[in-house]
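Here is the structure we will look at.
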Amino acid sequence: MSTDFDATELIRLKRGGGQFSSEQISWLINGYTDGKIAEEQMSALAMAIYFQGMDDTELGLWTAAMIATGERLDFSSLSRPTADKHSTGGVGDKITLPLAPLVAACGVAVPQLSGRGLGHTGGTLDKLESIPGWRASLSNDEMLRQLEEVGAVICAAGSGLAPADKKLYALRDVTGTVESIPLIASSIMSKKIAEGTSALVLDVKVGAGAFMDTEEKARELASRMVQLGTEAGLNTVALLTSMDTPLGLTAGNALEVRESVEVLAGGGPTDVVELTIALAREMLQQAGIDADPRAALANGAAMDVWKRMIRAQGGDPNAPLPTARHTDQVLAESDGVITRMDAMAVGVAAWRLGAGRARKEDPVQAGAGVEMHVKPGDRIGKGQAVLTLHTNTPDSFSRARAALGGGIEIADQPVERRDLIIDRIS
Ligand code: URA
């Protein structure tokens, strides 16, 4: 029989910097999921955790209690090992699209349960939904079959995985408590552990367009997630990667699909290729497979899996992608070298053009977004195009330009930039 506690007492305990016991954590998570603990009490508790944190024991128990509120998937019947990747989110981060088929082409099954975008970062499902006919929802049986037959699946996470997180994340979103390291770590890892992958690679973003704006905070988030994964028996590793500048040359749904297909065809921007290969190597290593992802990109094997993966979910990989009805160019105001292209500014501009949503029920425009013609380090002449803005709603151009204000800098000399891959945490 479960013990009864007093929610107000537990809020006071955490507010004063105390530690929860295992019974208290189970009572809180189950009570909140079942609707017995009021929203206002959980929001006060989330704020207390935001300020006081959780120690490693509490974090492990909190994550386990969230997992126990839902189902756990089981991929043990598959004929090959599984590996998944999770990114903490960034602007132009389309890496999942080329990565999942690439790793599958090397012999590892990739179950990629993804989400939709909210705010300035795009969602993988929104990007794929710009492909005519493609559907995000699969049953668990369909997902398992596709993993066996094609090797990769990118689909919507069903409502059965860690339902406690769904409720708690929605509450954190409106109470200013998203940016808490233990709450982010338990939110992400409860879903990944419940998903049942045996290996996991985390891409923890640092910089202007990321949740974690400093390396110190990103490092702490990465190591706490790696610890949670390892303790749950998952081979887990994290890469700390830069999100000062958008990834690649596009931010926006169909624009990013187009760029991902370029990578799968052996081209594409250098940073997208570099990060895709680095994450693929980590996933293969964690899954215990010795293969060369560069070869699978070069010989068309990854492209072949991509086409089969899109077709298996009703999409036509050869259909033309939607384009926006209106475009507008942002021109360089002087000669020089691009020294800054702020990820947050570009992400907000793409969002305002219609690529993202403010509320989760809002629609997105498939063709909207920002196309970058130059990146930091490139030279440009006065009057040349820096960006092209794409939208179906031309009245959004002025708001997109306002978001970019000050986010792009041109100077006489290049400045030193952070490496794309900052560190590896295992
Ligand atoms: N993504 C999640 O799934 N949860 C968080 O708390 C933050 C990002």
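Please treat every number below as a calculation from the coordinates, not as lab data. None of the values given here were measured: they were computed from a predicted structure. Every residue, glycine among them, receives a Cβ derived from its backbone with ideal geometry; neighbour counts consider all protein chains shown.
Along the axis of the charge dipole computed for the chain (Cβ charges of +1 for Lys and Arg, -1 for Asp and Glu, origin at the Cα centre), the listed residues 110, 245, 302 are led at the positive end by 302. Decide, for segment 287-426, between rounded, prolate and oblate: order the square roots of the alpha carbon gyration tensor eigenvalues as a ≥ b ≥ c, take rounded if a/c falls under 1.5, and otherwise choose prolate if a/b is larger than b/c, else oblate. Taking the square roots of the gyration eigenvalues as a ≥ b ≥ c, segment 287-426 is oblate. Packing around the peptides 93-104, 24-35, taken as the average count of other Cβ atoms within 10 Å per residue, puts them in this order, highest first: 93-104, 24-35. Charge tally around residue 358: other residues with Cβ under 15 Å, Lys/Arg +1 each, Asp/Glu -1 each, net +2. The mean sequence distance of close C-alpha pairs (under 8 Å, at least 6 residues apart), as a share of the length of the chain, puts its relative contact order at 20 percent. Taking 0.36 nm per residue of separation and subtracting the Cα-Cα distance, full extension of the segment from residue 23 to residue 80 would add 16.7 nm. Kirkwood's formula applied to the C-alpha pairs of the chain gives a hydrodynamic radius of 22.2 angstrom. Note on the chain: helix-only mean residue ellipticity at 222 nm, from DSSP H runs of 4+ residues weighted -39500 (n - 2.57) and normalised by residue number, equals -13000 deg cm²/dmol. Let me make sure I get this right: for segment 20-64, a, b and c are the square roots of the gyration tensor eigenvalues over alpha carbons, sorted descending. Under 1.5 in a/c it's rounded, otherwise prolate if a/b > b/c, else oblate. Which is it? Oblate shape, in that a/c is at least 1.5 and b/c is the bigger or equal ratio.
From the alpha carbon centroid of segment 324-339 to that of segment 188-213 is 33 Å. Ordering 52, 41, 28 by the projection of their Cα atoms onto the charge dipole of segment 7-53, which places +1 on the Cβ of Lys and Arg and -1 on the Cβ of Asp and Glu, puts 52 at the extreme positive end.
Within the shell defined by Cβ-Cβ distances under 15 Å, the residues around residue 420 carry a net charge of -3, with Lys and Arg each +1 and Asp and Glu each -1.
The angle separating the long axis of helix 215-231 from the principal Cα axis of greatest extent in the chain is about 50 degrees.
Once you sort the root eigenvalues of the Cα gyration tensor of segment 84-312 as a ≥ b ≥ c, which label holds: rounded (a/c under 1.5), prolate (a/b larger than b/c) or oblate (the other case)? Rounded. What is the helix-to-structure angle for 140-149, meaning the angle in degrees between its Cα long axis and the longest Cα principal axis of the chain, kept from 0 to 90 and rounded to the nearest 10? For helix 140-149, the angle is close to 50 degrees. Spatial offset of segment 113-177 relative to segment 358-426 amounts to 26 Å, using the alpha carbon center of each.
Sorting 364-370, 231-237, 205-211 by average packing, meaning the other beta carbons within 10 Å per residue, from highest down gives 364-370, 205-211, 231-237.
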